[in-house]
Amino acid sequence: MENPNQNDWRRLLEDALWAHRIAYRTPLGMSPYRIVFGKACHLSVKIEQRAYWAIKKCNMAYNQAGHEQKLILRKEFTVGQKVLLFNSRLKLIVGKLRSRWDGPFVITDIFPYGAVEVRDIVSNRTFKVNSHQLKPYHEGLSLSFT
């Protein structure tokens, strides 16, 4: 399948030649436009507007990304805290209603860059995991019906 823009090269030729003529040449020390007309070439209003809106769009996307980053909750863990570990190997089809979180585990050490060492309460085995795979464990209330 052909790209419809490839056949329309005549429309793009003028812009390509203009860009070639105003580009700085190192051997000349200036652009060919400056040699011919004796002054620097100023951008046309149409191109300035396109550039302005492209920059504005990039800045808006940058600001939006920063705003969305602020909405992400940072999880702060402490040594001795009980946590649940995300089980990414669990197949959803087998146990649809089964929780994807295993545990509880106890945090034994916190390393830089999000690494956390946890200890399994049942087997007393320790291993390192990424803190993104953990969430705080909240023990349930004990209700007595007496």
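What follows is calculated from the coordinates using simple rules that are stated; it is not laboratory data. Note that this is a predicted model, so its numbers are computed, not measured. Here Cβ is always computed from backbone atoms with ideal geometry, including for glycine, and neighbour counts include all displayed protein chains.
Annotation for E68 and R10: the two label points, set 7 Å from Cα along the Cα-Cβ direction, are 4.3 nm apart. Distance between the modelled labels on H132 and D109, one decimal in nanometres: 2.3 nm (7 Å Cα→Cβ projection). Using the Cβ-Cβ distance between I55 and A19 with R0 = 25 Å, the FRET efficiency computed as 1/(1 + (r/R0)^6) comes to roughly 0.85.
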